[in-house]
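Contents: one structure, followed by commentary.
The values are calculated or read from the model by the stated rules, or taken from the named source; none is laboratory data. This one's a predicted model, so the numbers in the text were calculated from it and none came from an experiment. Neighbour counts are summed over all protein chains in view; Cβ atoms, including those assigned to glycine, are modelled from backbone coordinates with ideal geometry.
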Amino acid sequence: MSETHTLGLGLIGCGAFGAFCLEAFKKLDGIEPTAVADVVADAADRLGKQFDVPAHHDPAELFARDDVHIVHIATPPSTHCELAVAAAKAGKHVLCEKPLATSVADGDAILAAAAKGGTIAPVNFVLRYNLITDAVKAVIDSGVLGKVLGARLTNCAADSNLPPKHWFWNRELSGGIFIEHGTHFFDMYRYWLGPGEVIDAHAETREGTDQQDRVMCTVRHDSGAVASYYHAFDQISPMDRTDHRLVCELGDILIDGWIPLSMTIDAALDNEGADKLAEILPGGNLQTLEALRGLSIMGRGQRRKVERKIRLTYEPWVDKQAVYANSVCDLMTDQIAFIRDPSHPRRIAEDNGRLSLADACRATEMAS
């Protein structure tokens, strides 16, 4: 395959998210949808017609196509291992929706098949291709706010479109909340705070059902930061929300949105620190809330020079769907660059999917 060859994309899983991704990928150079497949024949036929590509009712038929080079797997998690291994054995690259699999053993089987076939098998961690995610990382790494001491994820997702018989509630199919959805956040917090270990976890089952709709865990990162997760599918759709709070020695970082759209920093800093924040977040709105006249204040056993309390708000965009689509495209572009040039440093590689899956499986085991 030449460096300029357009890669053919085959989608397995013809639901709404698969369609969303195909629409986004249409904007990219270097890749084009060439086939779709779904064991639900009507879904495959409908999406094939929508994108004017052949539709298959058996994934094996898609794997056999010479014009499919990358297989995007957007099916329930329990199917990922079988499909990804089959794709790798057919010589196809794989982009897998989260999670990589529902067990570490299955995840390892996928990665072993990809390594043997000389193909890739990353997870579609779109949160890692987000300007806010990177801005938080830049602030942490600058040290302006001191060390991160604690972090709190509150994910109150809507269950309005998840009836009792939806596959999501069947933990044998989905893996449960930590695995099916939480892997996004285990990966993101590793990016922000470094390696960590799940030290406790708990789950709650909805009254009168076997639906596990709320899970919680605590992760202690090697950096010393302790992160708490409240991850639930327990809200009506108008109240769907996600937020993060990172507590640092000199201030807090608040991030809003499942797809992060904005961040706010409240801090007490000297003038140099405030200027550094403004430099890291160009276009942010920095306000001085209170002048502190060069106070020297003890904090965590150290003297801290602070000259003002500030609030910096950073909101580079407001259109969630556009941000989501751009993140999906940036991830695919990153993977294509690696396929064409293996020296290209990918932001998300195979180990990201494996590490976050291991965290999620550990939390699931501790909560059971």
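Checking Arg65, Arg46 one by one, the residue that is modelled with pLDDT of 95 or more, within 21 Å of Arg340 (Cβ to Cβ), surrounded by 14 or more Cβ atoms within 10 Å (Cβ to Cβ) and not acidic (Asp, Glu) is Arg65 and no other. Restricting to segment 222-234, what's the tally of residues that are crowded, with 17+ Cβ neighbours inside 10 Å and touching a Gly at 6+ places or on another chain (Cβ under 9 Å)? Result for segment 222-234: 5. Being at pLDDT 95 or above and surrounded by 15 or more Cβ atoms within 10 Å (Cβ to Cβ): is that true of Thr333 here? Yes; evaluated as a whole, the condition is true for this residue. In segment 169-200, of all residues being surrounded by fewer than 20 Cβ atoms within 10 Å (Cβ to Cβ) and of a type in the set (A, V, I, L, M, F, W, C), the one that is nearest to Thr218 (Cα to Cα) corresponds to Ile199.
One line per residue, one yes/no per condition, for (1) in a strand (DSSP E or B); (2) crowded, with 16+ Cβ neighbours inside 10 Å; (3) touching a Pro at 6+ places or on another chain (Cβ under 9 Å); (4) β-branched (Val, Ile, Thr):
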| position | (1), (2), (3), (4) |
| --- | --- |
| Ile255 | yes, yes, no, yes |
| Met263 | yes, yes, no, no |
| Glu279 | no, no, no, no |
| Met298 | yes, no, no, no |
| Arg308 | yes, yes, no, no |
| Trp317 | no, no, no, no |
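For the criterion of being closer than 23 Å to Tyr314 by Cα and hydrophobic (A, V, I, L, M, F, W, C), Ile236 fails.
Scanning segment 280-303 for residues that are closer than 16 Å to Ser142 by Cα and touching a helix residue (DSSP H, G or I) at 6+ places or on another chain (Cβ under 9 Å) yields a count of 2.
For (1) in contact with a helix residue (DSSP H, G or I) (Cβ under 6 Å, 6 or more places away or on another chain); (2) of a type in the set (A, V, I, L, M); (3) free of Cβ contacts under 8 Å to residues at least 60 places away in the same chain, each residue gets a yes or a no:
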site	(1), (2), (3)
Asp42	no, no, yes
Asp52	no, no, yes
His56	yes, no, yes
Ala60	no, yes, yes
Arg65	no, no, yes
Val71	yes, yes, no
Thr75	no, no, no
Pro99	yes, no, no
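Only a single item in (1) surrounded by fewer than 20 Cβ atoms within 10 Å (Cβ to Cβ); (2) of a type in the set (Ser, Thr, Tyr); (3) within 18 Å of Ser174 (Cβ to Cβ) is not met by Ser237, and it is number (3). Report yes if Ala90 is within 22 Å of Ile336 (Cβ to Cβ), of a type in the set (A, V, I, L, M) and touching a His at 6+ places or on another chain (Cβ under 7 Å), otherwise no. No; evaluated as a whole, the condition is false for this residue. The strands (runs of 3 or more DSSP E) falling completely within segment 130-241 include none with 1 or more residues that are at pLDDT 95 or above and at positive phi.
Do we find a residue being touching a helix residue (DSSP H, G or I) at 6+ places or on another chain (Cβ under 8 Å), without any contact (Cβ under 8 Å) to a residue 60 or more places away in the chain, more than 13 Å from Ile132 (Cβ to Cβ) and of a type outside the set (A, V, I, L, M) anywhere in segment 224-231? Checked segment 224-231: no residue is touching a helix residue (DSSP H, G or I) at 6+ places or on another chain (Cβ under 8 Å), without any contact (Cβ under 8 Å) to a residue 60 or more places away in the chain, more than 13 Å from Ile132 (Cβ to Cβ) and of a type outside the set (A, V, I, L, M). All conditions in (1) within 22 Å of the chain's Cα centre (by Cα); (2) aliphatic (A, V, I, L, M); (3) more than 18 Å from Leu149 (Cβ to Cβ); (4) surrounded by 15 or more Cβ atoms within 10 Å (Cβ to Cβ) hold for Val219, with the sole exception of (3).
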